[in-house]
Amino acid sequence: MTRILHRSIGPDLPRAVSGQGVYITDAAGRRYIDGSGGAAVTSIGHGNAEVLEAMRAQMDRIAYAHTSFFTTDAAESLADRLVELAPEGLDYVYLVSGGSEAVEAALKMARQYCVEIGQPQRRHIIARRQSYHGNTIGALATGGNAWRRAQFQPILPETHHVSPCYAWRDQRPDETAQDYAARLAQELEDKILELGADQVIAFVAEPVVGATLGAVPAVEGYFRRIREVCDRYGVLLILDEVMCGMGRTGTIFAHEQEGVVPDIVTVAKGLGGGYQPIGAVLLSAKIYDAFRDGSGLFQHGHTYIGHPVAAAAAGKVVEIMTRPGMMDNVQAMGLRLREGLKAALGEHPNIGDIRGRGLFCGVELVADRDSKQPLDPGLKTHAKIKREAMARGLMCYPMGGTIDGIRGDHVLLAPPYIIQPDEVDQIVDRLAAAIRAAV
Ligand code: PLP
């Protein structure tokens with residue numbers, strides 16, 4: 001009997017009692033490979049003694065100091081390091097406690113920026129269908145995941161959505177990647193003009209779509225086109241890297257691979273690596289300067305922003321993930337994972353696509369490969385895959401049936417960056433066996 005309202009009310013969950021490297025062990029002594037990092041959280045692996053020591057050292061000094069009164073070395077040095085790692089143009093950092101909080105802060109920051117620069121008429125947010133930006137009201141309204149939004153629709157603020165960049169389904173046979181990117185950029189421009197050329201605050205997108213589509217990167221040139229459209233109309237570009245950022249795709253920021261610099265970036269999950277709940281918003285100097293020269297404040301704030309223990313943990317996680325070899329391992333093991341999955345499952349009649357970037361990999365399931373119809377909009381197969389995988393000692397993240405009511409069945413994989421070849425091969429074997437058993 002549990003007193004916790006778990007995500008799903010149903011069979012008892014195994015109790016996790018320890019974690020080491022890429023493994024989690026439950027109270028019955030069963031060991032699971034953390035093949036999805038929960039949902040792409042575990043970046044440097046479990047049980048890292050250096051991170052625990054950094055947290056302990058911070059707690060020995062001070063565990064908490066309210067950010068209206070004090071700053072701390074831990075928060076300052078984390079911000080410095082994130083700015084150092086970010087492409088030029090992202091110069092300041094706002095520290096929060098997780099992904100949804102980061103997105104909420106980014107949205108408010110963007111709106112306040114418009115007010116500060118004398119454009120208070122700007123009031124619209126545009127995002128993409130089939131996206132996920134978090135579960136709080138503003139973040140949920142921004143996301144385009146129809147299933148997650150459905151019952152809350154009446155209480156969501158108005159937002160606007162355009163198509164995602166989902167080449168495997170939506171690029172036309174007679175279209176090059178460039179044409180496809182141009183068509184999507186035109187769709188964004190049309191939407192901006194429909195709402196009013198000077199009425200839009202920001203466009204929000206995940207560089208690699210995570211929870212809703214399953215590790216779908218954009219086609220080459222898409223984000224450059226989008227950046228041009230945003231610049232033409234003074235629309236801020238917010239990239240949500242809560243899931244795909246902090247090394248997950250083989251570079252610290254996923255957008256480094258797109259050749260654009262956004263105005264605002266959100267990160268979370270991999271930043272704390274699961275050691276502490278933490279997220280961050282990186283912003284450009286033009287936004288910071290507008291606040292400094294205008295009202296002199298960002299009218300926002302939560303009790304735990306800039307938490308020193310979380311910042312100390314994240315500081316050490318970032319130090320570890322930026323050591324020589326770590327991003328190379330993400331790229332090499334990511335390739336091995338995708339190639340292994342293609343060899344094991346590529347011919348399976350219900351596998352439509354295997355894709356991703358770095359250690360962020362999606363396996364899309366279909367009813368049949370020609371029609372690309374979803375396998376099971378009723379979600380039952382996903383529960384079965386999860387059960388079969390857990391029974392084989394693999395944690396993976398199957399999702400789907402959630403997209404515009406019809407499509408997007410997939411399994412997401414996002415193992416820790418320290419994973420070794422034999423562990424990647426075990427993920428492949430266990431997932432292939434689980435899918436064969438469930439489908
Ligand atoms: N943004 C993206 C892209 C996400 O994938 C998520 C979570 O999956 C969030 C925001 C919300 O993050 P959190 O669950 O930490 O609130």
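Residues in the stretch 157-166: is at least one away from the ligand (no atom under 16 Å from the Cβ), at pLDDT 95 or above and loosely packed, with under 13 Cβ neighbours inside 10 Å? Yes, the stretch 157-166 contains a residue that is away from the ligand (no atom under 16 Å from the Cβ), at pLDDT 95 or above and loosely packed, with under 13 Cβ neighbours inside 10 Å.
The selection criterion, being at pLDDT 95 or above, within 16 Å of the ligand (Cβ to nearest atom) and on the phi < 0 side of the Ramachandran plot, holds for Val103.
Counting the residues of the stretch 155-189 that are part of a loop (DSSP other than H, G, I, E, B) and over 20 Å from Gln257 (Cα atoms) gives 10. Ser371 meets the conditions (1) within 30 Å of Ile252 (Cα to Cα); (2) modelled with pLDDT under 95; (3) among the polar types (S, T, N, Q) in every case but one. The failed one is (1). Residue pairs whose Cβ atoms lie under 6 Å apart, sitting 6 or more positions apart in sequence or on different chains, and linking a residue in the stretch 84-104 that is free of Cβ contacts under 8 Å to residues at least 12 places away in the same chain to a partner that is within 16 Å of the ligand (Cβ to nearest atom), do not occur here. Taking the numbered list (1) out of contact with any Cys (no Cβ under 6 Å at 6 or more places or on another chain); (2) surrounded by 13 or more Cβ atoms within 10 Å (Cβ to Cβ); (3) not β-branched (Val, Ile, Thr) in turn, Arg172 passes all entries but (2). Scanning the stretch 68-117 for residues that are more than 29 Å from Leu140 (Cβ to Cβ), in contact with a helix residue (DSSP H, G or I) (Cβ under 9 Å, 6 or more places away or on another chain) and outside any loop (DSSP other than H, G, I, E, B) yields Asp73, Ala74, Glu76, Ser77, Arg81, Leu85. When the residues of the stretch 124-149 are filtered to those that are outside any loop (DSSP other than H, G, I, E, B) and away from the ligand (no atom under 12 Å from the Cβ), the one that is farthest from Ala39 (Cα to Cα) is His124. What do you reckon, is Asp12 more than 16 Å from the ligand (Cβ to nearest atom), assigned to a helix (DSSP H, G or I) and not small (Gly, Ala, Ser)? So Asp12 fails the test. The residues of the stretch 1-32 that are under 27 Å from Gly134 (Cβ atoms) and surrounded by 11 or more Cβ atoms within 10 Å (Cβ to Cβ), listed by number, are Leu13, Pro14, Ala16, Gly19, Val22, Ile24, Tyr32.
Within the stretch 386-399, residues that are under 14 Å from Ala414 (Cα atoms) have Cβ atoms under 6 Å from residues that are surrounded by fewer than 18 Cβ atoms within 10 Å (Cβ to Cβ) in these pairs: Tyr397/Ala39, counting only partners at least 6 apart in sequence or on another chain. If only residues of the stretch 190-214 that are in a helix (DSSP H, G or I) and surrounded by fewer than 20 Cβ atoms within 10 Å (Cβ to Cβ) are counted, the one that is nearest to the ligand (Cβ to nearest atom) is Lys191. A search for C-beta distances below 6 Å between a residue of the stretch 242-256 that is under 12 Å from Arg357 (Cβ atoms) and any residue that is hydroxyl-bearing (Ser, Thr, Tyr) and within 13 Å of the ligand (Cβ to nearest atom), counting only pairs 6+ apart in sequence or on different chains, returns nothing. Checking every residue in the stretch 74-94 against the condition of being hydrophobic (A, V, I, L, M, F, W, C) and within 16 Å of the ligand (Cβ to nearest atom) gives zero matches.
In summary, Asn135 fulfils each of the numbered conditions (1) of a type outside the set (Ser, Thr, Tyr); (2) closer than 23 Å to His300 by Cβ; (3) in contact (Cβ under 8 Å) with a residue 60 or more places away in the chain with the single exception of condition (3).
The single condition from (1) small (Gly, Ala, Ser); (2) within 19 Å of the chain's Cα centre (by Cα); (3) surrounded by fewer than 22 Cβ atoms within 10 Å (Cβ to Cβ) that Gly294 fails is (2).
The values are calculated or read from the model by the stated rules, or taken from the named source; none is laboratory data. None of the values given here were measured: they were computed from a predicted structure. For neighbour counting, all protein chains shown are included, and Cβ atoms are generated from backbone atoms with ideal geometry for every residue, glycine included.
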